[in-house]
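The structure appears below as structure tokens.
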Amino acid sequence: MRIRCLLLSMMSAFHLLASVQEDFPAGRLPERFMSYRITDRLNYSGEDLYDYINGGAELYLSYGLTRMTGCKYNGDGIPQLTVEIYEMTTPKNAFGVYTQSRDREERVYGQGSQSFHDFILFWKGCYFVTVYAQSVTPESEAAIKHLAEVIDKAIPATGQRPPVVALLPEEGLAEGGFLYFHHYIWLNAYFFIANHNLIDLDDQTDAVLAKYGDANARNYLLIVEYPDGEKAASAYQKLKENYAPELTAAQPFIRLEDKTWFTTWTKGNRLGAIFNGNSREETEKLYILTINHM
Amino acid sequence: MEKFITRRDLLKRTALMAVGSTVFLSRPLSAWAWADAAKSKVVLIRNRQLFGGGDQPDPAIAAQMLDEAVTTLTGKKDAREAWASIVKPTDIVGVKTNVWNKFPTPEIMNTLLKERVLQAGVSDENLSVNDRGVKNDPIFQKSTALINVRPMRTHAWSGVGSCIKNYIMFSPQPSSYHDDSCASLATLYDLPIVKGKTRLHILVLFKPLFHHRTAQDASEEYMWTYSGLIAGFDPVAVDSVGLRIIQGKRNAFFQEDRPLNPPAKHIELAETRYHLGVADPSKIELVKLGWDEETFV
């Protein structure tokens, strides 16, 4: 009996998953609402996304895009609306794309969102969602809010933020000031560090880069989780050799040629580094806050 | 062999450089290769009256800006002579524009370039303006001259979309240039359909896009009325100037160093790795004409 229940449950779950795959999300979007109706449907997977957004597709592909669905809404004399729902391989990748896009953290839609008059973006579960209007009118602003609510409710599952993000100290963290990623291209998102994959980032590593301090004097904190301590130690050696070979246990904070401070360390399978430290005191304080989290 | 570069390498080499000049410290390489090369001339022209308080550029002012930029660039005495030095009546001319629906080349620029090429004596049947169809366009296939025109914007994978990148539609497989955030875009200029043909690059900064939230984003919130055109013979120098302007605006708007994400490394590599032109500002003769407030360069 228990086995039969389990099988039925698994079949039901499979059926639900298949249904979601087929129908979600385009099937859940209203065909018509307010003065709008769907005029085009969007459905792209993998590299087909190039057909839709050319090279910009690489942003999503670098986070493991599964497919993008959505639609365009039009109406007489009103701004076009576009819904794009990017389905990623994991919730943490959806979260990563979200961190590439948002400037501040809100929680109006999904598990994190940012709203503008013409644009709403949010993440929930494996999905990164954008809803935007061609231009801003009171009607288009209300319409994109409505669609964001519909999509938010239609996505059944939430997902966890990558654990590495929890390692960031809250004190001094700039609002919306961190980025989660795997691909080395994003290592330079806030601050040029290297023109190559200096610290062996790949799909198996979770990296977070964060801004601390005032806008005119940022400190940048990098934390990377590797699959094991050996890989973390190897990346640490490469960073040390290429960035601050003079760094030692006796001299863990290095003042660079531009008078900023740098440090790097490992703890277990994690690598940490602070770039552009304004002073030794600030760098040391951020290091202590971080190491206590790690 | 090209060396991998870290920020520390740059700091060691450029210890006297202002740390805040993100656009240069954001660059992956600092060892500019052409120390003895002649300077590339680039003309930046702006006109505060271009939009005249409206949404659309004034065609007469746009024409005046284009002619003045080209005259200054060529060093000729007037626009007629300048255009005559750029295309000959016997040329078969392709104007490579950009039609991305959210941020296309302003139509007035396509119109003006067609007019100027025709006025230089090129016959109508030997002239085409195209973007996504260039590979199959008979005029482009047999072209003897190309003119490259597109608007300046940020880009989610290459940092910026500007003149170098505008030739990606000449590639049989554009996605093959995406590796390492489009580092090798300069090699587009080696494609047979392109090589040695480009007579003029025009980067349009009427209302440049200096930021995007997602790859598909081109919001007016992140455009500003710069009312400028950049003209040059060297796409790398043209893009280098445009890049500095975009970076300057980003820093001013966000009130902090806000590097392009990812950095537009293909512009510098176009010089240091592929030798297509010069990106180093010290190797560029920048001539600035017209409105000079908040020029950012």
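The values are calculated or read from the model by the stated rules, or taken from the named source; none is laboratory data. Everything numeric here is computed off the predicted structure, so don't read it as measured data. Note that we place each Cβ from the backbone using ideal geometry, even for glycine, and neighbour counts take in every protein chain shown.
Considering only segment B:50-62, how many residues are touching a helix residue (DSSP H, G or I) at 6+ places or on another chain (Cβ under 6 Å) and more than 24 Å from B:D234 (Cβ to Cβ)? Residues that pass the stated criteria total 3. The residues of segment B:1-15 that are within 7 Å of chain A (Cβ to nearest Cβ) and either at pLDDT below 80 or in contact with a Ser or Thr (Cβ under 8 Å, 6 or more places away or on another chain) (or both), listed by number, are B:F4, B:I5, B:A15. The single condition from (1) surrounded by fewer than 21 Cβ atoms within 10 Å (Cβ to Cβ); (2) modelled with pLDDT under 95; (3) in the same structural domain as A:K259 (by TED's automatic domain parsing) that A:P169 fails is (2). Annotation: of all residues in segment B:123-135 being of a type in the set (G, A, S) and under 21 Å from B:E107 (Cβ atoms), the one that is surrounded by the fewest Cβ atoms within 10 Å (Cβ to Cβ) is B:G133. Every condition in (1) out of contact with any Phe, Trp or Tyr (no Cβ under 7 Å at 6 or more places or on another chain); (2) surrounded by 22 or more Cβ atoms within 10 Å (Cβ to Cβ); (3) more than 29 Å from B:H212 (Cα to Cα) is met by B:P138 except one, and the failing one is (2). One residue is enough: does segment A:25-47 have a residue meeting the conditions touching a residue at least 12 places away in the same chain (Cβ under 8 Å), within 14 Å of another protein chain (Cβ to nearest Cβ) and in a loop (DSSP other than H, G, I, E, B)? No: segment A:25-47 contains no residue that is touching a residue at least 12 places away in the same chain (Cβ under 8 Å), within 14 Å of another protein chain (Cβ to nearest Cβ) and in a loop (DSSP other than H, G, I, E, B).
Yes/no per residue for (1) more than 18 Å from B:F233 (Cα to Cα); (2) of a type in the set (D, E):
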{"position": "B:N101", "(1), (2)": "yes, no"}
{"position": "B:P104", "(1), (2)": "yes, no"}
{"position": "B:L113", "(1), (2)": "no, no"}
{"position": "B:S123", "(1), (2)": "yes, no"}
{"position": "B:G133", "(1), (2)": "yes, no"}
{"position": "B:N136", "(1), (2)": "yes, no"}
{"position": "B:M169", "(1), (2)": "yes, no"}
{"position": "B:Y177", "(1), (2)": "yes, no"}
{"position": "B:D180", "(1), (2)": "yes, yes"}
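Determine which single condition B:S227 fails, assuming it passes every other condition in (1) over 18 Å from the mean Cα position of the chain (by Cα); (2) more than 24 Å from B:D280 (Cβ to Cβ); (3) small (G, A, S). Among (1) over 18 Å from the mean Cα position of the chain (by Cα); (2) more than 24 Å from B:D280 (Cβ to Cβ); (3) small (G, A, S), B:S227 violates only (1). For segment B:211-242, which residues satisfy the criterion of being within 14 Å of another protein chain (Cβ to nearest Cβ) and not charged (D, E, K, R)? Passing the criteria: B:H211, B:H212, B:T214, B:A215, B:Q216, B:A218, B:S219, B:Y222, B:M223. Taken over segment B:260-281, the criterion of being assigned to a helix (DSSP H, G or I) and either in contact with a helix residue (DSSP H, G or I) (Cβ under 7 Å, 6 or more places away or on another chain) or at pLDDT 95 or above (or both) is satisfied by B:K265, B:H266, B:I267, B:L269, B:A270, B:E271, B:P281. Picking from residues in segment A:191-218 that are touching a Phe, Trp or Tyr at 6+ places or on another chain (Cβ under 6 Å) and assigned to a loop (DSSP other than H, G, I, E, B), the one that is surrounded by the most Cβ atoms within 10 Å (Cβ to Cβ) is A:T205.
Selection over segment B:103-131 of residues that are assigned to a loop (DSSP other than H, G, I, E, B) and over 18 Å from the mean Cα position of the chain (by Cα) gives a count of 4. Among the residues of segment B:197-205, is there at least one that is more than 19 Å from B:I284 (Cβ to Cβ) and part of a loop (DSSP other than H, G, I, E, B)? Among the residues of segment B:197-205, at least one is more than 19 Å from B:I284 (Cβ to Cβ) and part of a loop (DSSP other than H, G, I, E, B), which makes the answer yes. Residue count for segment A:97-140 satisfying the condition of being within 13 Å of chain B (Cβ to nearest Cβ) and within 15 Å of the chain's Cα centre (by Cα): 16. Being away from chain A (no Cβ under 14 Å), part of a loop (DSSP other than H, G, I, E, B), over 19 Å from the mean Cα position of the chain (by Cα) and not aliphatic (A, V, I, L, M) is the requirement here; does B:S143 meet it? Considered against the rule, which asks whether it is away from chain A (no Cβ under 14 Å), part of a loop (DSSP other than H, G, I, E, B), over 19 Å from the mean Cα position of the chain (by Cα) and not aliphatic (A, V, I, L, M), B:S143 comes out as yes. Scanning segment A:173-210 for residues that are farther than 16 Å from B:R258 by Cα, within 13 Å of another protein chain (Cβ to nearest Cβ) and of a type in the set (S, T, Y) yields one hit, A:Y184. Can you tell me which residue within segment A:264-292, out of those that are more than 18 Å from A:Y236 (Cα to Cα) and of a type in the set (K, R), is farthest from the other protein chains (Cβ to nearest Cβ)? Top of the filtered list is A:K285. Can you work out which of the residues in segment A:227-263 that are in contact with a Lys or Arg (Cβ under 8 Å, 6 or more places away or on another chain), under 25 Å from A:A217 (Cα atoms) and not in a strand (DSSP E or B) is farthest from the other protein chains (Cβ to nearest Cβ)? It comes out as A:F253.
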